[in-house]
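Student: Structure below; questions to follow.
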Amino acid sequence: MQKAWSPEVQTVFENLRLELRRGSLILAVLGTLRREQYGYTLRKTLEDHGMAVDEGTLYPLLRRLETQGLLESEWREEDKRKKRFYRLSKTGAEVFARLTAEWHSIGEAISHIGGGHGSR
Amino acid sequence: MDLVERYIEAVKFWLPARLKEDVAAELKDDIRSEIEEAEREKGRPLTSDEVAALLKARGNPLYVASRYLPQHVLIGPELYPIYILVLKVVAAICLVPPIVIGIAWSIANTGTTPPSIFAQPFNSLLISFAVVTIIFAVIERKGINPAKKDGWNPMSLRPVTDHSRIKRSTSVGDIIANLVLIAFFLLGYLSITTYGMPPSLIIANGHIVTTQQVLHGHVTVSPEWVTYWQIIVVVGVVEIAFSANNLFHPYWTMPRIIARALIDLVKTGVFCWLLQSHVIRELVIQGAPADVAAQIYRVSEQGAEHARQIAALIGFFIAVTALTRLWHLRPKPATVAA
């Protein structure tokens, strides 16, 4: 059973956890958008994979990633409604590949340091 | 769905113009998708309370809008939309009244310039901006956040204002006003140039007095008075047709905006012409202080002197109103067609 923390420590932990998730979320979004999706289905896909994100975070993030040239978007009609479909751009795919490699190397480094589940 | 529209409108209010339509369209689709999924799960349409709960979970419109805005060091993103709104209000308060007064002063005192009246607004604007910025920076530091995700009620959102819609009350009001005008005209009240004071009710020096106190009074107006009302009645008939049409098609279109502006400009032009004719030619108010008639007469003479400026000012407001209406008609991005 985990030790109960004081509210201050709990707050520090939550902030750090959020920071960690914020970085990971970009990776998750880029990875998910290798297949074209619109905002709501993307949110559901992320949620189904344990990366629940509220729309107030997701949509501004999508907008930012598009501005940075990592995503492309297109308004199209589906089910008699216009929806904005996002997909990874060519640059986005390259950036995603490198970020994933970076992610794995960080994971390995943490494991070696002894902070991960796979610590020896 | 009305609640959703109101929510979207409230979010749009806090967004910069370049983001408004795009963000609104995407947000609307996201909310609709969420509602549809919830309805599929429940097997029935959501009640308005359930929709309200769903919107509440999304957060205060200000909070939602703030997430789309860039990060600011001094004023955080959640306070930033309010900060900008307050700056706009402060700018309007600091600049508009002194400038309007300054222009009016210049018109009334041709040839002289008000030395400080134009310089002061900009000084007070700078000071006000600095004070507002400091207050917001302190609020930011103290962590007071009016855009908290909880603690707001979606049911209290303002109804959506459709700027392109012509209010029914406006059209009905126009028709009634013009019918009353035509009735007065047909009864002959607007075809004479000398009006006697009613025998039992005379207004003198701002007070209602009776014939026991006041003997007689009459006012003689310029001959242009009769022509003025003849033209206004003709314009009034056109306006009745225009307003009646608006009742059945209550939306501004470009031809209607132009027609409205033309009607108003014609009325303004004719009014200017009437003022220039030195409307009040003779004014007799027996029993009232001597300077009352003189004061009224002086106002009439000033009207004649500044008729063009008055018409220009009214014309300016008519043009601004028409341009604002045209601006609301501008084509929205394709995304809004959703």
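What follows draws every value from the coordinates through simple rules; no lab data is involved. Here the structure is a predicted model, which is why all the values come from computation and not from measurement. Here the Cβ positions follow ideal geometry from the backbone for every residue, glycine too, while neighbour counts run over all protein chains shown.
Student: Treating only the Cβ of Lys, Arg, Asp and Glu as charged (+1, +1, -1, -1), what charge dipole size does the protein assembly as shown show about its Cα centre? Round to the nearest 20 debye.
Tutor: On the way: 50 positive and 44 negative charges, 132 e Å.
The dipole magnitude comes to about 640 debye.
Student: What residues have an amide H closer than 5 Å to that of A:F85, excluding those fewer than 5 places away on the same chain, when H is modeled at 1.01 Å from N in the peptide plane?
Tutor: Those qualifying (amide H under 5 Å, at least 5 residues apart or on another chain) are A:E74, A:W75, A:R76.
Student: What is the order of B:I93, B:I82, B:I232, B:I134, fewest Cβ neighbours within 10 Å to most?
Tutor: Numbers: B:I93 14, B:I82 17, B:I232 21, B:I134 11.
Arranged by neighbour count, lowest to highest, B:I93, B:I82, B:I232, B:I134 become B:I134, B:I93, B:I82, B:I232.
Student: Same structure again: Let me have the 222 nm mean residue ellipticity of the protein assembly as shown computed from DSSP H runs of 4+ only, each contributing -39500 (n - 2.57), with the sum over all residues rounded to the nearest 500. Mind dumping the intermediate values first?
Tutor: Details: 15 runs with 286 residues, N = 458.
Mean residue ellipticity, 222 nm, calculated: -21500 deg cm²/dmol.
Student: Do you know the relative contact order of chain A, to the nearest whole percent, from alpha carbon pairs under 8 angstrom that are 6+ apart?
Tutor: Working: 100 pairs, mean separation 25.7, N = 120.
Worked out over chain A, it gives 21 percent.
Student: To the nearest 20 Debye, how big is the dipole of segment B:1-79 about its Cα centre, given +1 on the beta carbon of each Lys and Arg and -1 on that of each Asp and Glu?
Tutor: On the way: 12 positive and 16 negative charges, 51 e Å.
Magnitude of the dipole: close to 240 debye.
Student: Something else: First select every other residue whose beta carbon is under 13 angstrom from the beta carbon of B:A294; then total the charges, Lys and Arg +1, Asp and Glu -1. If you can, show how the numbers build up before the last one.
Tutor: Numbers: positive: B:R298; negative: B:E282, B:D291, B:E301.
So the environment of B:A294 carries a net charge of -2.
Student: Loop only by DSSP, 13 or fewer other Cβ within 10 Å of the Cβ. Give me the trypsin sites (Lys or Arg not before Pro) in segment A:1-89 that pass, ordered by residue number.
Tutor: On the way: sites: A:K3, A:R17, A:R21, A:R22, A:R34, A:R35, A:R43, A:K44, A:R63, A:R64, A:R76, A:K80, A:R81, A:K82, A:K83, A:R84, A:R87; in loops: A:K3, A:R34, A:R35, A:K80.
Sites meeting the loop and neighbour criteria: A:K3, A:R34, A:R35, A:K80.
Student: Let me ask another. Mark the label point 7 Å from the Cα of B:W327 along Cα→Cβ and return the residues of segment B:6-25 whose backbone N is within less than 12 Å of it.
Tutor: B:17
Student: Right, something else. Quote the FRET efficiency, to the nearest 0.05, computed for B:N123 versus B:L313 with a Förster distance R0 of 25 Å and r equal to the Cβ-Cβ distance.
Tutor: Numbers: r = 26 Å, r/R0 = 1.04.
Efficiency computed from Cβ-Cβ geometry: 0.45.
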